[in-house]
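First comes the structure, then the notes that go with it.
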Amino acid sequence: MINVTFVTIVASSYFLVVPGYEAGIEYVRQSATNVAFQYVVIHNRSIPTCEMMANHHTHLAAEYFYTRRQLGSFTIFIAPYCSQGELLDFAPLANQWNAPVMSITGTNPAISDKSHYPTNLSVAPIHHTVLHMFLEQLFRHFKWTTIVLLCDDNMLVIYYRSVCTNLQALMRPPKYQLNTLKFDSSKIRPDYERHLKEFSRLARVAIILARPDVTRDFLVSAGKNGMSGNDYVYLHIQPYTLLPIFPSLVYSNGDGNDEIARSAFTSLFSITFDTERNIDLLPETSRRFILDRSEVIHNLTYQPNERLSQVALAAFESILLASQWLLFSPDPTSRETFWCQLGRTA
């Protein structure tokens, strides 16, 4: 019998992933005759954001690892890792422990180098590295080198905060001249005109990392102030097309600015990902388990017509991926076996 402990260290604002992990473990237990699973969640309500968790993650992981009760259990750290800092700080230590680290949102080209970080695996549904590769090709094609990031610092839009941080790290001089303008849409209405005026002073290409409704407001303001048309380019990334917090990006909402928005949208590139197809393949019992655990245990209620969060689904699938290696590997505690098996199943 193999004893395996999955450990999730998570910022409180990202706690919606936990029911996904729990559902995955419950699902694989049904067929696991030679593996005993344990699940540990480490979080603190005083650490709400990914950026704040980056300052505490390695300490919390070490505190758990060196004081854990089941010393014979094989430990797998499996979490969102929604800030680059979490991965970059923790991956070297996990490598020393020979402990697998599975990330469902955080990615980084350095961490993906298996010669340096052989126990790290990203199964992100929206891979920052892939996004970066796409943007590299797009910018090269149009010869764009000076870019402005318009980044929402609202803690509820963690995906955009994470993409903003990653692009700042990846798109560096001398190849790119990158400027970042931040605002927080949760506190006050963003000063769209001021940010756009600063953008126009710095560049003609902007990536808007904010909710679709905020992006539309930026485009409306751009249209009103002569900052759309052939001289300006705006890019928007829409990860979760069917969740309420990420509604579809459309120019029309009946607020009296539809014609201005329609004209300004001619300056917009909308980047979307094919992330919805697997939600419908989730076993109904697992979907119900996630919904029930979210509401009853964790006080996270989905609306009647709301689909499951992509990160909750990614959490579920990451457990399934790890279980394939655990159930069929002759020696799952071997680092070489770990990557050989996961390389075949990923």
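Condition test on Thr75, is it crowded, with 18+ Cβ neighbours inside 10 Å and in contact (Cβ under 8 Å) with a residue 40 or more places away in the chain?
yes
Per-residue answers, yes or no, for (1) modelled with pLDDT under 85; (2) not hydroxyl-bearing (Ser, Thr, Tyr):
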{"residue": "Pro247", "(1), (2)": "yes, yes"}
{"residue": "Thr272", "(1), (2)": "yes, no"}
{"residue": "Arg288", "(1), (2)": "no, yes"}
{"residue": "Ser323", "(1), (2)": "no, no"}
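Out of the residues in region 43-60 that are open to solvent by 30 Å² or more (accessible area, probe 1.4 Å), part of a helix (DSSP H, G or I) and at pLDDT below 90, state the one that is nearest to Ser162 (Cα to Cα).
Selected residue: Glu51.
Do you know which of the residues in region 78-98 that are open to solvent by 10 Å² or more (accessible area, probe 1.4 Å) and in contact with a strand residue (DSSP E or B) (Cβ under 8 Å, 6 or more places away or on another chain) is farthest from Arg161 (Cα to Cα)?
Trp97
How many of the residues in region 5-35 are within 23 Å of Ser162 (Cβ to Cβ), out of contact with any Phe, Trp or Tyr (no Cβ under 7 Å at 6 or more places or on another chain) and among the hydroxyl-bearing types (Ser, Thr, Tyr)?
Number of matching residues: 3.
Please go through (1) surrounded by fewer than 14 Cβ atoms within 10 Å (Cβ to Cβ); (2) assigned to a helix (DSSP H, G or I); (3) modelled with pLDDT of 85 or more for Arg262 and return the number of the only condition it doesn't satisfy.
Unmet for Arg262, out of (1) surrounded by fewer than 14 Cβ atoms within 10 Å (Cβ to Cβ); (2) assigned to a helix (DSSP H, G or I); (3) modelled with pLDDT of 85 or more: (1).
Looking at region 305-321, I want the residues that are in a helix (DSSP H, G or I) and have a partner that is of a type in the set (S, T, N, Q) with Cβ atoms under 8 Å, at least 6 apart or on another chain. Which pairs are those?
Close Cβ pairs satisfying both conditions: Gln310/Thr275; Val311/Thr105; Ala312/Ser294; Leu313/Asn278; Ala314/Thr105; Phe316/Ser286; Glu317/Asn278; Leu321/Thr345.
Can you confirm whether Asn253 is farther than 30 Å from Phe142 by Cβ, open to solvent by 60 Å² or more (accessible area, probe 1.4 Å), at pLDDT 80 or above and in a loop (DSSP other than H, G, I, E, B)?
no
Counting just the residues of region 16-35 that are open to solvent by 30 Å² or more (accessible area, probe 1.4 Å) and under 26 Å from Arg288 (Cβ atoms), which one comes out farthest from the chain's Cα centre (by Cα)?
Thr33
Scan region 182-220 residue by residue and report those that are among the β-branched types (Val, Ile, Thr) and either modelled with pLDDT of 95 or more or surrounded by 14 or more Cβ atoms within 10 Å (Cβ to Cβ) (or both).
Passing the criteria: Val205, Ile207, Ile208, Val214, Thr215, Val220.
Okay, residues lined up against (1) farther than 27 Å from Ala79 by Cβ; (2) modelled with pLDDT of 80 or more; (3) open to solvent by 40 Å² or more (accessible area, probe 1.4 Å); (4) out of contact with any Pro (no Cβ under 7 Å at 6 or more places or on another chain):
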position	(1), (2), (3), (4)
Asp113	no, no, yes, yes
Ile126	no, no, no, no
His132	no, yes, no, yes
Ile147	yes, yes, no, yes
Val157	no, no, no, yes
Leu167	no, yes, no, yes
Tyr176	yes, yes, no, yes
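Going by the conditions given, is Ala32 outside any helix (DSSP H, G or I) and out of contact with any strand residue (DSSP E or B) (no Cβ under 6 Å at 6 or more places or on another chain)?
yes
Taking region 61-72 as the region of interest, how many residues are in contact with a strand residue (DSSP E or B) (Cβ under 8 Å, 6 or more places away or on another chain) and either crowded, with 17+ Cβ neighbours inside 10 Å or at pLDDT 85 or above (or both)?
Going through region 61-72 one residue at a time, the tally reaches 4.
Limited to region 283-322, what total is found for residues that are over 17 Å from the mean Cα position of the chain (by Cα) and among the small types (Gly, Ala, Ser)?
Residues in region 283-322 being over 17 Å from the mean Cα position of the chain (by Cα) and among the small types (Gly, Ala, Ser): 3 in total.
The values are calculated or read from the model by the stated rules, or taken from the named source; none is laboratory data. Since this is a predicted model, take the numbers as computed values, not measurements. As a convention, Cβ positions derive from the backbone with ideal geometry for all residues, glycine included, and neighbour counts pool all protein chains shown. Accessible surface areas use protein heavy atoms only, side chains included; no ligands, DNA or RNA. Shrake-Rupley method; radii C 1.70, N 1.55, O 1.52, S 1.80 Å.
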